[in-house]
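Asker: Take this structure first; my questions come after.
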Amino acid sequence: MAHCISPGAEEILDKEFPVLDKGFIRLVDYLGSDERIVQSARVSYGAGTKTVREDAGLIDYLLRNRHTSPFEQVVLTFHIKMPIFIARQWVRHRTARLNEISGRYSVMKDDFYLPPPEDVAPQSSDNKQARAAVPFESVQAEEIRATLSAGQKTAYDDYKKLIDKGLAREIARVNLPLALYTEIYWQIDLNNLFHFLELRLGAHAQKEIRLYAQTLFEITKKVAPYACESFERHILGAVTFSREEASELKRRLKNAQEPSELDKRALEIFEAKLACV
């Protein structure tokens, strides 16, 4: 089995892609590509590499039918700089390997996230964990940003004073706010990365982590473009129905007066999927 090289990925290795005001993502290393996915899938019956079109078709079939193990053969390693409040959401995804900069060994940098005015919004009236769609007026937004910035400066100044007094770094850091930037090395296989992206590209994810997810996805497209195209088609762009909802859709399609070819195809898909329930 040949070593897989992705020309697109080679072009962006170690390149920093900026996110937020001071953050970034860079692809440090990768193992495998679209080619490795099809090699892995075909090993069971010994078929060699096919044409590019056939490879793309096989990848699409695998993802559409949730045959996920071949995608685990592709592994990506990222270096990411993000605010701590994003990192705390990030580590909820436990199917990855992570190493973070340590405030016990290192003096933390004076890097804090300050949201832009358009993201300074009140609490949503119908969502307990999100902000409203309409931000504060510009004058009020700037007052809030000034308060945030002043709090960050005070916290860091106090931290530095404690360090200069000789206090242990592991204690001096405890009052630093969640806006402080941290850095991680994050390694994950493509199947679990897709699961991360499915959740963090969603409308319910916090905007800041969505921006990181969008950049991650653009980088991943360079490593495995056909797999990413299938992911967009069958996961990001798909809708899941309950058994009852699917049965009702099937009933309505069957009862359509003049079903279109699309309706007929949808009915075939529903019947095939319902047969597996």
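The values are calculated or read from the model by the stated rules, or taken from the named source; none is laboratory data. Computed from a prediction, not measured in an experiment: that's the story for all the values here. Cβ coordinates were reconstructed from backbone atoms using ideal geometry, including for glycine residues, and neighbour counts include every protein chain displayed.
Asker: Looking only at region 135-148, filter to residues that are over 27 Å from Arg104 (Cβ atoms) and touching a residue at least 24 places away in the same chain (Cβ under 8 Å); which one of those is surrounded by the fewest Cβ atoms within 10 Å (Cβ to Cβ)?
Answerer: So the first thing to find is which residues in region 135-148 are over 27 Å from Arg104 (Cβ atoms), and the list is 135-147.
Restricting the remaining residues to those that are touching a residue at least 24 places away in the same chain (Cβ under 8 Å) gives 141-142, 144-145.
Details: Ala141: 18, Glu142: 13, Ile144: 16, Arg145: 17.
For region 135-148, the residue satisfying everything is Glu142.
Asker: For region 187-200, how many residues are buried (at least 19 other Cβ atoms within 10 Å of the Cβ) and within 30 Å of Pro117 (Cβ to Cβ)?
Answerer: Narrowing region 187-200 to residues buried (at least 19 other Cβ atoms within 10 Å of the Cβ): 188-191, 193-194, 196-197, 200.
Retained after the next criterion (residues that are within 30 Å of Pro117 (Cβ to Cβ)): 196-197, 200.
Residues flagged as buried (at least 19 other Cβ atoms within 10 Å of the Cβ) and within 30 Å of Pro117 (Cβ to Cβ) within region 187-200 amount to 3.
Asker: Considering region 30-72 alone, what residues qualify as being outside any helix (DSSP H, G or I) and modelled with pLDDT of 85 or more?
Answerer: Taking region 30-72 as the starting set, the residues that turn out to be outside any helix (DSSP H, G or I) are 30-33, 43-51, 65-68.
Result: Tyr30, Leu31, Gly32, Ser33, Asn65, Arg66, His67, Thr68.
Asker: Could you list, in sequence order, all residues of region 134-153 that are outside any helix (DSSP H, G or I) and within 29 Å of the chain's Cα centre (by Cα)?
Answerer: Step one: filter region 134-153 for residues outside any helix (DSSP H, G or I), giving 134-137.
Within region 134-153, Val134, Pro135, Phe136 meet the criteria.
Asker: Look through region 69-117, keep the residues that are out of contact with any Phe, Trp or Tyr (no Cβ under 9 Å at 6 or more places or on another chain) and closer than 22 Å to Ala168 by Cα, and return whichever of them is surrounded by the most Cβ atoms within 10 Å (Cβ to Cβ).
Answerer: Gly103
Asker: Something else about it: Can you list residue pairs whose Cβ atoms sit under 7 Å apart, with the first residue in region 91-109 being assigned by TED's automatic domain parsing to the domain that holds Thr77 and farther than 18 Å from Phe196 by Cα and the second being in a loop (DSSP other than H, G, I, E, B) and not acidic (Asp, Glu)? Count only pairs 6 or more apart in sequence or on different chains.
Answerer: Final answer for the pair search is Met108/Leu176.
Asker: Can you tell me which residue within region 164-216, out of those that are under 21 Å from Ser149 (Cα atoms) and hydrophobic (A, V, I, L, M, F, W, C), is nearest to the chain's Cα centre (by Cα)?
Answerer: Ranking the candidates gives Ile209 first.
Asker: Which residues, taken from region 1-29, are part of a strand (DSSP E or B) and either in contact with a Ser or Thr (Cβ under 7 Å, 6 or more places away or on another chain) or farther than 24 Å from Leu211 by Cβ (or both)? Quick ask: steps written out before the conclusion?
Answerer: Start the filter on region 1-29 by keeping residues that are part of a strand (DSSP E or B), which leaves 17-19, 23-29.
Those that are part of a strand (DSSP E or B) and either in contact with a Ser or Thr (Cβ under 7 Å, 6 or more places away or on another chain) or farther than 24 Å from Leu211 by Cβ (or both): Phe17, Val19, Ile25, Val28, Asp29.
Asker: Taking only pairs six or more apart or across chains, which ones have beta-carbon atoms under 7 Å, a first residue in region 156-168 that is touching a residue at least 24 places away in the same chain (Cβ under 8 Å), and a second residue that is among the β-branched types (Val, Ile, Thr)?
Answerer: If the second residue must be among the β-branched types (Val, Ile, Thr), the pairs left are Ile163/Val107.
Asker: Here's something else I'd like to know. Residue check: is Glu118 outside any loop (DSSP other than H, G, I, E, B), without any contact (Cβ under 8 Å) to a residue 24 or more places away in the chain and out of contact with any Lys or Arg (no Cβ under 6 Å at 6 or more places or on another chain)? Explain how you work it out, then say what you get.
Answerer: Numbers: outside any loop (DSSP other than H, G, I, E, B): yes; without any contact (Cβ under 8 Å) to a residue 24 or more places away in the chain: yes; out of contact with any Lys or Arg (no Cβ under 6 Å at 6 or more places or on another chain): yes.
Taking the combined requirement at face value, the residue satisfies it.
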